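Asker: Once you've had a glance at the structure underneath, I'll fire off some questions.
The values are calculated or read from the model by the stated rules, or taken from the named source; none is laboratory data. Because the structure is predicted, anything quoted here is derived from the model rather than measured. Counting neighbours? That spans all protein chains shown, and the Cβs are built from the backbone with ideal geometry, glycine included. The area values use the complete protein model at the heavy-atom level, side chains included, leaving out ligands, DNA and RNA. Shrake-Rupley method; radii C 1.70, N 1.55, O 1.52, S 1.80 Å.
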Amino acid sequence: QVQLVESGGGLVQAGDSLRLSCAASGRSFSAYHMGWFRQAPGKGREFVAAIRWSGTITYYADSVKGRFTISRDNAKNTVYLRMNSLKPEDTAVYYCAADVNLSRLQVGHNEYWGQGTQVTVSS
């Protein structure tokens with residue numbers, strides 16, 4: 001079992017930055033590929049970013065590429081999402097995700113989810 005707890009969400013203005021954190025506990029964190037998803041009101045959950053267990057390769061949705069950065073610290077069992085140049089359309093609940101299978105993670109069929117943290121961007 002892996003438990004994921006997100007933090008760092010909040011209310012910001014367009015153009016501001018936020019850093020989300022996801023603390024993992026349970027089984028070996030470094031064995032898991034990690035990702036971030038988001039769900040806006042009235043919409044389905046969508047992939048935002050993912051990072052391989054080693055931290056060497058990252059993946060991004062086109063909508064956030066160049067603005068968001070995913071990273072991880074395996075010594076601290078934590079994955080981060082740095083969000084710059086935030087836009088109102090980035091408003092959503094952001095979820096942390098984990099799986100040992102990267103393909104499964106990237107399509108949201110992963111084994112573990114956090115409870116989510118709200119990000120609201122005002123115009």
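Asker: Could you name the aspartates and glutamates in cross-link range of LYS43, using Cα to Cα under 14 Å and dropping any fewer than eight places away on the same chain?
Answerer: Straight-distance partners of LYS43: GLU89, ASP90.
Asker: When only C-alpha pairs under 8 Å and at least 6 residues apart count, what is the relative contact order of the chain, in percent?
Answerer: Contact order relative to length: 36 percent.
Asker: Could you give the nm distance between label points at LEU11 and VAL107, where each point is 7 Å from its Cα heading toward the beta carbon?
Answerer: About 3.9 nm, to one decimal.
Asker: Here's something else I'd like to know. At a probe size of 1.4 Å, how large is the accessible area of PHE68, to the nearest 10 Å²?
Answerer: The value for PHE68 is about 10 Å².
Asker: Could you check which residue among ARG38, ARG72, ARG104 shows the biggest mean-square fluctuation in a GNM of the chain with a 10 Å Cα cutoff?
Answerer: Sorting by GNM fluctuation, first place goes to ARG104.
Asker: Right, something else. With contacts defined as alpha carbon pairs under 8 Å and 6 or more residues apart, what's the relative contact order of the stretch 16-76 in percent?
Answerer: Normalised by residue count, the contact order of the stretch 16-76 is 25 percent.
Asker: Moving on to the next point. What is the dipole size for the chain, taken about its Cα centre, with +1 at each Lys and Arg Cβ and -1 at each Asp and Glu Cβ, in debye to the nearest 20? Working shown, then result.
Answerer: Working: 13 positive and 9 negative charges, 33 e Å.
Around 160 debye, computed over the chain.
Asker: Which order do you get for TRP36, TRP113, TRP53 if you rank them by accessible area with a 1.4 Å probe, largest at the top?
Answerer: From most exposed to least exposed: TRP53, TRP113, TRP36.
Asker: How do LEU11, LEU102 rank by accessible surface area computed with a 1.4 Å probe, from largest to smallest?
Answerer: Working: LEU11 130, LEU102 25 Å².
Heavy-atom accessible area, descending, gives LEU11, LEU102.
Asker: I'd like to check one number: the per residue accessible area of the chain, probe 1.4 Å, reported in Å² as a whole number.
Answerer: For the chain, the per-residue accessible area is 49 Å².
Asker: What net charge do the residues around LEU20 carry, taking every other residue with its C-beta under 14 Å from that of LEU20, with Lys and Arg at +1 and Asp and Glu at -1?
Answerer: Once positives and negatives cancel, what remains is +1.
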